[in-house]
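Please treat every number below as a calculation from the coordinates, not as lab data. Computed from a prediction, not measured in an experiment: that's the story for all the values here. With ideal geometry, Cβ positions are generated from the backbone for all residues, glycine too; neighbour counts draw on all protein chains shown.
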Amino acid sequence: MDTNQYLEMFIDESKEHLQSINEQLLALENDPTDMGIVNEIFRSAHTLKGMSATMGYEDLANLTHKMENVLDAIRNNKIVVNPDILDVVFASTDDLEAMVNDIASGGDGKRDVTEVVSKLLLIEKGEDPKSASKQTTQEEQTSSKGSATSDLEAFDQFELTVLEQSREQGFESYQTTVKLRDDCLLRGARVFMVFEILEQIGEVIKSNPPVEDLEEERFDYEFTVVLVSKESAEDIEKRIMKVSEIESVTVVKLTADDIKKKQVQKASKANNQPESGNSESGEQPDSKKTNGGTKEKSKGQSVSNKTIRVNIERLDILMNLFEELVIDRGRLEQISNDLNNPELHETVERMSRISGDLQNIILNMRMVPVEQVFNRFPRMVRQLARDLNKKINLEIIGAETELDRTVIDEIGDPLVHLIRNALDHGVETPEVRRSKGKSEEGTVVLKAYHSGNHVFIEIEDDGAGISRDKVLSKAIERGVVTAEQGANMTDKQVYELIMASGFSTAEKISDVSGRGVGLDVVKNTIESLSGSVTIDSKAGEGSIFSIQLPLTLSIISVMLVEIQEEKYAIPLSSIIETAIIKKEDILNAHNQKVIDFRGKVVPLLFLKDIFEVPVMKEDDEFFSIVIVRKGDKMAGLVVDSFIGQQEVVLKSLGNYLTSAFAISGATILGNGQVALIIDCNALIK
């Protein structure tokens, strides 16, 4: 079988099952007696094992099988859940994730898991749930052979007729019991191979469990069939044993008396049924089957939104095509305004409305919940808390909040650094918390929410907070700021110093954080996504790190401005307001031109000087100013004139122009001109 076409689906579904296992294991740790949780974990592991074996990833399938054995022992009350067992199962899940990630990267999914497998085997050998059933004595086998028909339900009238007619034509009836090995990975496949052999040598009359259950692997490791054939019992047994992963085959010839006894048992059962029951087959089994079917149907009907998997590359292509459409839309709007044709103007307006709706649909298709990133953190917090000997309660709020996929892909690592920072530097040890009158268990809240065209992600802890004096002294010591500058800084400005490159206030270097890296990476990554990070803290009470991110990165709203004869675009997300000032309103402070903006001193940046725009005309008495913001800092960008607001497509400058200062990209305007998009974060330092 060519499995390449299923590889992407296998990877996606494997990651979903592993995520489910992680979540359920955390829930099981809080409630070790809940067998419903264990069953959920077992089902996910079982499905993953089957998929892995089908795709040919034997190492992945074998490790899952070993983990499944432990889970099976737990759900059968042979093993009692404790933290040590959960640690081993968590470690197994980590190895499984590493294998799947290796496969996703083009690898073969192989990994040295001897250590974790040996631990799983130790757990299993300590209290093996199937140890009793494995040691079947010869007497039990003989007894089993002596009561062949007891393994099957009663024959119905059609089956009895077939058996009688077959016997009249010289066929023998056999009850064949096949037992698969406990390490059999593809039970459904083995059943198929056995049935293929049986159909070559005869005809299967009945099976227990039914064929549907066998195909869906809804049975343990043993099944029984009634076969009519002219072959001998020995030949049937030999042929079936040629199938791999079969432990034993028992073939017993059914005599006419055996069949008659079964018919008598059936009649006896029917006579003992209540009057309201079904005298033919018994109401209860049918009732169960009907209820099960109704339940399944109801479950299916409750899902109103049907979904399909779409390759993300297709969405990227769709987005790129739509970006071209946005450029042409702007061009048409420009032509329509120039020609001033009412019919053309009406058509372009309608096209703009429709394309706007299409834009919303495409953007929504690319939106995914931050839950995909948040889901990894409960496991991480659990492990870090144990490593640091701290008690941590992680609360996740707003995991359903959606972000563009491109932002989601980049936001994971910064959040890892911030959560590690909160656990290592923020939340105190239980002893310290007790001495401060706090509960031993610290709380870290991970929260996401929408606000306008932005998504905010906050990491809040109730730990020790940030010491202004400690941060400032370290910053002065390392030359980040001078003592004079530090004296005039607000608390928030001091707190933001911890995100300077190489800055660390750790008393000692740990495996978690404190190596002088981390928060500077957070800041750089967030700003590369056109976002920002702010910090608020109260000594002794805790800290809040707030990340502001745009909903999407590809299509943005900008203010178009003109500098001499060149056009530039300033993202609206950075703009506070625009203003026109007189030349005499410009002041000088510390060799910097500034203005008084609503009681605040705001430095002016002349873009024509920064971007070295050729001067075609002299300055007049008035200046056009765009007030932009980065966190608590503001600046006034001096331009020649405002053109207006517009939605534009952000295009990368390519690999050769990555070092262009304060330019994040470019866009094509309606008249075909190229406008550079200004990176306000780079301008404000």
So which of LYS608/LYS633; LYS119/LYS523; LYS391/LYS447; LYS179/LYS230 end up more than 31 Å apart, counting from Cα to Cα?
LYS119/LYS523
What order do you get for 360-372, 672-684 when each peptide is scored by the mean count of other beta carbon atoms within 10 Å, highest first?
672-684, 360-372
Using the Cα atoms of the stretch 312-368, I'd like the radius of gyration and the largest Cα-Cα distance, Dmax, both in angstrom.
13.4, 42
Full-extension gain between THR33 and ASP357, please, as 0.36 nm times their residue separation minus the C-alpha to C-alpha distance.
111.6 nm
Which log10 I(q)/I(0) values does the stretch 335-392 give at q = 0.18, 0.23 Å⁻¹ under the Debye formula, counting every alpha carbon as one identical point scatterer?
-0.76, -0.89
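Report the Rg/Rh value for the stretch 555-683, based on alpha-carbon coordinates and the Kirkwood definition of Rh. The partial results should precede the final answer.
On the way: Rg = 14.6 Å, Rh = 15.3 Å.
Using Cα coordinates only, the ratio equals 0.96.
What ranking do SER435, SER664 get, fewest neighbouring Cβ atoms within 10 angstrom at the top? Write out the running numbers ahead of the final one.
On the way: SER435 10, SER664 21.
With the sparsest Cβ surroundings first, the list reads SER435, SER664.
Which of LEU572, LEU122 comes first, and how do the rest follow, when ranked by fewest Cβ neighbours within 10 Å? Provide the component values of the computation, followed by the final result.
Working: LEU572 14, LEU122 11.
Ranking LEU572, LEU122 by Cβ neighbours within 10 Å, fewest first, gives LEU122, LEU572.
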What net charge is computed for the residues neighbouring GLY542, neighbours being all others with C-beta under 9 Å from the C-beta of GLY542, Lys and Arg scored +1, Asp and Glu -1?
-3
Spin-label point model (7 Å from Cα, Cβ direction): what's the SER451 to THR429 distance in nm?
3.7
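Calculate the FRET efficiency for SER467 and LEU321 from the Cβ-Cβ distance with a Förster distance of 45 Å, rounded to the nearest 0.05. Mind dumping the intermediate values first?
Working: r = 53 Å, r/R0 = 1.18.
Plugging the Cβ-Cβ distance into 1/(1 + (r/R0)^6) gives 0.25.
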All-pairs Cα distance distribution in the stretch 1-73, expressed in whole percent, bin size 5 Å:
3, 17, 26, 24, 15, 9, 5, 2, 1
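Placing unit charges on C-beta atoms (Lys and Arg positive, Asp and Glu negative, everything else neutral), compute the dipole magnitude of the stretch 440-490 about its Cα centre in debye, rounded to 20.
Numbers: 5 positive and 9 negative charges, 66 e Å.
For the stretch 440-490, the charge dipole is close to 320 debye.
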Pair TYR656, GLU245: separation of 7 Å Cα→Cβ label points (nm):
5.7
Would you work out which of ASN360, LEU321, LEU339 lies farthest towards the positive end of the dipole of the stretch 312-368? Charges go on Cβ: Lys and Arg +1, Asp and Glu -1.
ASN360
Would you report the distance distribution of C-alpha pairs in the stretch 153-270 as whole percents per 10 angstrom bin, up to the bin with the largest distance?
13, 45, 32, 10, 0
So for the stretch 4-128, what are the equivalent ellipsoid semi-axes in whole Å, largest first, each being the square root of 5 times an eigenvalue of the Cα gyration tensor?
24, 15, 12
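Which net charge results when you count Lys and Arg as +1 and Asp and Glu as -1 among the other residues whose beta-carbon is under 12 Å from that of LYS230? Show your work: numbers first, answer last.
Details: positive: ARG167; negative: GLU172, GLU203, GLU231, ASP235.
Spelling it out: positives minus negatives among the neighbours equals -3.
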Given 239-251, 63-75, 401-413, the highest-first ranking by average Cβ count within 10 Å works out to 63-75, 401-413, 239-251
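As a footprinting exposure proxy, order TYR656, TYR221, TYR449 by other Cβ within 10 Å, with the fewest listed first.
Working: TYR656 7, TYR221 18, TYR449 12.
Going from least to most buried by this count: TYR656, TYR449, TYR221.
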How far apart, in nm, are two points set 7 Å out from the Cα along the Cα-to-Cβ line at THR406 and at THR161?
7.0
Under a straight-distance cross-link criterion of Cα-Cα below 20 Å, which aspartates and glutamates are reachable from LYS438, leaving out those fewer than 8 residues away in the same chain?
GLU395, ASP424, GLU428, GLU460, ASP461, ASP462, GLU541
Rg/Rh over Cα atoms for the stretch 370-550, Kirkwood Rh, comes to 0.96
What whole number of Å gives the distance from the Cα centroid of the stretch 52-126 to the Cα centroid of the stretch 352-372?
39
Environment charge at PRO430 (Cβ cut-off 14 Å; Lys +1, Arg +1, Asp -1, Glu -1)
+2
